[in-house]
Amino acid sequence: METLIENFGPDLYQNACAALKNTNWKQAKELFAEFLKDEELPEVLEKYAWAAWWLGEEHETMLSRERAYAIYRKNNDSLSAARTALWIASDYLDFRGDTVIANGWRLRAQRLLQDQGLSPEHGWLALQFGANTIESDQDPEKAIEHARQAVRIGRELGVVDLEVVGMAMEGLAMVSLGNIEPGMRLLDEAGTAASTGEVQELYSITWTFCYLIYACERIRDVERVEQWCEKMKELSLRINFRFTLGICRAHYAGALILQGKWPEAETELQESLTDLENSRSPYIVESIARLGELRRRQGKLMEARKLFEQVAFHPIAILGKAALFIDKSNDFQTAGELTEYYLQTLPCANKILMIPALELQVKIFAETGKYAPAEKVYRRLKAIASAIDTLPINGSLNYTGGLLALCKKNYKKAHKLFQEAVYSFSKCSLIFETSTARLGLAKALSKLGRNSTAREEALIAMASFTGIGALNGIKGAKKILGDLENSTDRKKVYFENPGTELTKREVEVLRLVADGKTDKQIADVLFRSVHTVHRHISNILIKLNVPSRSAAVASLAENGGL
């Protein structure tokens, strides 16, 4: 090759290579194209293909790689042909979503490498097989085998890129198996190595970051998602790579949706759709599925269903449609069938992706009075979630347990679990989840006879839902407030002394006193003046013939009013 380059312009070739290294993709492509006018050298075709790949030009990328492959085969250069075949396999997936053709090229590369000595190509082959098992087959156990093989080859040959991407893949696989702490340690280490100049190839950095963000999103670690997405966005903008920018925006939008930052999520998703349509169109499913989930939470149910139908095979869409059937018509049967289908498509080892389905399954069983299977699923969910121990997962576990307890009429347990869910969700600023848990808490409080506190929780939830534009949430809060207003079972509380009774308003005031609220806070909750609250408390003390507020609270508790 050196002789040919000398004959056809070493300066031109060196300038093209320099442009490629400096991420000036357009200039590199033009210079390599100029060089290729004289003769098609497979090594130059490979580099030309990389320039086109970074620019998102499907036709030019695949044409030049397949041409390079044909020349390598003609020259009996099996190692180079195998390397090229691997990236052609990747192209068929990234640009066209053709899994069958991609697998054919991958198998061709495997056969070409059979009689070759150990090389980096063996490591990249292992990573491609691993990527297929964890991304398409959702089989983390097999992915770990491939990832560790790549790491071993990388260390043996001194190829840091193989080691780092292999570590990231193993980390994601371990997280998927429920081994959160060791998995996240591997991912954080790989992410640090990728972002500090240890790896040589830019695609190794983006590959590593993608796995990091996938793992963070799966365990709902929104803080980690934000930090690594920001890092990846910086890189993507610097090198002008729309593919990773689009993927990053889609996953970052998932975190924004959880946090109730819906206008920002909308912006990220729309920009993600544009980025991916213009670079790697098969991946727009990630943006569409998350946009559907955003619409569902907003209460725009028809829009949500249309979006989910476009990507019906996507996990978010399957569970999103199940939730829609409940949100729209309480169709628990169809929701249950979709949830069961989702679980059947997952290997048993992939515990993390089971979590959202198990949460929904508990709700479906509990709401339809099937308490035994609900308890069984809840125990399974608890076993998985306890190993993760992030605030969002803990909050979700407590919320799900609260729903089950509420349906079983264990109101004290429901109250406790909903309280813990509100704390966990609010601690990590998940507005929609916090408000949903508050509605559950309001229901439990109402069943315990604590209508004033229930009303307060429902009002707070309604204000939060209104702030983010969650129509179904607002509707749910209004229903609870209406039920509380129409409630007749707590208008009066009777005491042992004949003729002693408190009005509904007096009981509400006294319950708020029991909750530790000041007169000013009670006035705010009841939309009354502080003077009116003083008068109610004075009447309560006279009626109960007690000297203090604490004594009045004790009397109310003794007579079942709390």
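Taking the conditions exactly as written (modelled with pLDDT of 85 or more, in a helix (DSSP H, G or I) and touching a Gly at 6+ places or on another chain (Cβ under 8 Å)), does L484 satisfy them or not? I'd like the intermediate steps shown before the answer.
Details: modelled with pLDDT of 85 or more: yes; in a helix (DSSP H, G or I): yes; touching a Gly at 6+ places or on another chain (Cβ under 8 Å): no.
The answer is no for L484.
Tally time: how many residues in the range 28-69 are surrounded by fewer than 19 Cβ atoms within 10 Å (Cβ to Cβ), under 21 Å from A89 (Cβ atoms) and acidic (D, E)?
Residues flagged as surrounded by fewer than 19 Cβ atoms within 10 Å (Cβ to Cβ), under 21 Å from A89 (Cβ atoms) and acidic (D, E) within the range 28-69 amount to 5.
Restricting attention to the range 40-81, and to residues there that are farther than 22 Å from N278 by Cα and among the β-branched types (V, I, T), which single residue is nearest to the chain's Cα centre (by Cα)?
For the range 40-81, the residue satisfying everything is V44.
Just checking, how many residues over the range 272-315 are within 21 Å of G469 (Cα to Cα) and either without any contact (Cβ under 8 Å) to a residue 40 or more places away in the chain or part of a helix (DSSP H, G or I) (or both)?
Residues that pass the stated criteria total 20.
For the range 414-427, check the following and say yes or no: at least one residue is of a type in the set (S, T, Y), open to solvent by less than 40 Å² (accessible area, probe 1.4 Å) and without any contact (Cβ under 8 Å) to a residue 40 or more places away in the chain.
The answer is yes; a qualifying residue exists.
Please verify whether the range 328-338 includes one or more residues that are part of a helix (DSSP H, G or I) and under 21 Å from the mean Cα position of the chain (by Cα). Before you say what the answer is, go through the steps one by one.
If we filter the range 328-338 for residues that are part of a helix (DSSP H, G or I), which is where we start, we get 328-329, 332-338.
Next, only the ones that are under 21 Å from the mean Cα position of the chain (by Cα) stay: 335, 338.
Within the range 328-338 (the criterion being part of a helix (DSSP H, G or I) and under 21 Å from the mean Cα position of the chain (by Cα)), the answer is yes, since at least one residue qualifies.
All but one of (1) surrounded by 23 or more Cβ atoms within 10 Å (Cβ to Cβ); (2) hydrophobic (A, V, I, L, M, F, W, C); (3) in contact (Cβ under 8 Å) with a residue 60 or more places away in the chain hold for A168, so report the exception by its number.
(3)
Going by what's in this entry, would N394 be described as open to solvent by less than 50 Å² (accessible area, probe 1.4 Å) and touching an Asp or Glu at 6+ places or on another chain (Cβ under 6 Å)?
Taking the combined requirement at face value, the residue does not satisfy it.
I'm checking my understanding of the structure. Among residues of the range 257-314 that are of a type in the set (F, W, Y) and touching a Gly at 6+ places or on another chain (Cβ under 8 Å), which one is modelled with the lowest pLDDT?
Y283
Could you say which residue among A317, A304, A322 is crowded, with 21+ Cβ neighbours inside 10 Å and within 16 Å of the chain's Cα centre (by Cα)?
Only one candidate qualifies: A317.
Which residue is farthest from S329 (Cα to Cα), if the candidates are limited to the range 367-391 and must be of a type in the set (A, V, I, L, M), open to solvent by 20 Å² or more (accessible area, probe 1.4 Å) and at pLDDT below 95? Spell out how you get there, then give the answer.
Our first condition is that a residue be of a type in the set (A, V, I, L, M); within the range 367-391, this holds for 372, 374, 377, 381, 383-385, 387-388, 391.
Cutting the leftovers down to open to solvent by 20 Å² or more (accessible area, probe 1.4 Å) gives us 372, 383, 387, 391.
With at pLDDT below 95 added as a condition, the list becomes 383, 387, 391.
On the way: A383: 31, A387: 35, L391: 31 Å.
In this case the residue turns out to be A387.
What are the residues in the range 5-23 that are modelled with pLDDT under 55 and either in contact with a Lys or Arg (Cβ under 7 Å, 6 or more places away or on another chain) or exposed (fewer than 15 other Cβ atoms within 10 Å of the Cβ) (or both), if any?
Scanning the range 5-23 gives E6, N7.
Just a yes or no: is a residue in the range 403-414 aromatic (F, W, Y), assigned to a helix (DSSP H, G or I) and modelled with pLDDT under 95?
yes
Quick check: anything in the range 416-429 of a type in the set (D, E, K, R), assigned to a helix (DSSP H, G or I), under 27 Å from the mean Cα position of the chain (by Cα) and modelled with pLDDT under 95?
Checked the range 416-429: at least one residue is of a type in the set (D, E, K, R), assigned to a helix (DSSP H, G or I), under 27 Å from the mean Cα position of the chain (by Cα) and modelled with pLDDT under 95.
Spot the failing condition for E230; the list is (1) open to solvent by 60 Å² or more (accessible area, probe 1.4 Å); (2) over 22 Å from W54 (Cα atoms); (3) free of Cβ contacts under 8 Å to residues at least 24 places away in the same chain, and only one is missed.
(2)
Being modelled with pLDDT of 95 or more and crowded, with 16+ Cβ neighbours inside 10 Å narrows it down to one residue among G178, G130; which is it? Break it down stepwise before answering.
Working: G178 fails: modelled with pLDDT of 95 or more.
Going through G178, G130 in turn, the sole match is G130.
Please work out if I384 is out of contact with any Phe, Trp or Tyr (no Cβ under 8 Å at 6 or more places or on another chain), touching a residue at least 40 places away in the same chain (Cβ under 8 Å) and not in a loop (DSSP other than H, G, I, E, B). Working first, answer last.
Details: out of contact with any Phe, Trp or Tyr (no Cβ under 8 Å at 6 or more places or on another chain): yes; touching a residue at least 40 places away in the same chain (Cβ under 8 Å): yes; not in a loop (DSSP other than H, G, I, E, B): yes.
The answer is yes for I384.
Being open to solvent by 30 Å² or more (accessible area, probe 1.4 Å), without any contact (Cβ under 8 Å) to a residue 24 or more places away in the chain, within 21 Å of N451 (Cβ to Cβ) and of a type outside the set (K, R) is the filter here, so list the residues in the range 531-557 that pass it.
A554
Answer with yes or no whether R224 is open to solvent by 40 Å² or more (accessible area, probe 1.4 Å), at positive phi and not hydrophobic (A, V, I, L, M, F, W, C). Can you show your working first?
Numbers: open to solvent by 40 Å² or more (accessible area, probe 1.4 Å): yes; at positive phi: no; not hydrophobic (A, V, I, L, M, F, W, C): yes.
Criteria not met by R224.
Does at least one position in the range 112-128 carry a residue that is under 24 Å from K47 (Cα atoms), among the acidic types (D, E) and in contact with a helix residue (DSSP H, G or I) (Cβ under 9 Å, 6 or more places away or on another chain)?
Scanning the range 112-128, I find at least one residue that is under 24 Å from K47 (Cα atoms), among the acidic types (D, E) and in contact with a helix residue (DSSP H, G or I) (Cβ under 9 Å, 6 or more places away or on another chain), so the answer is yes.
The values are calculated or read from the model by the stated rules, or taken from the named source; none is laboratory data. All figures in this text were calculated on a predicted structure; none of them were measured in a lab. So basically every Cβ, Gly included, is an ideal-geometry build from the backbone, and we count neighbours across all protein chains shown. Areas reflect the complete protein model, heavy atoms only, side chains present, ligands, DNA and RNA absent. Shrake-Rupley method; radii C 1.70, N 1.55, O 1.52, S 1.80 Å.
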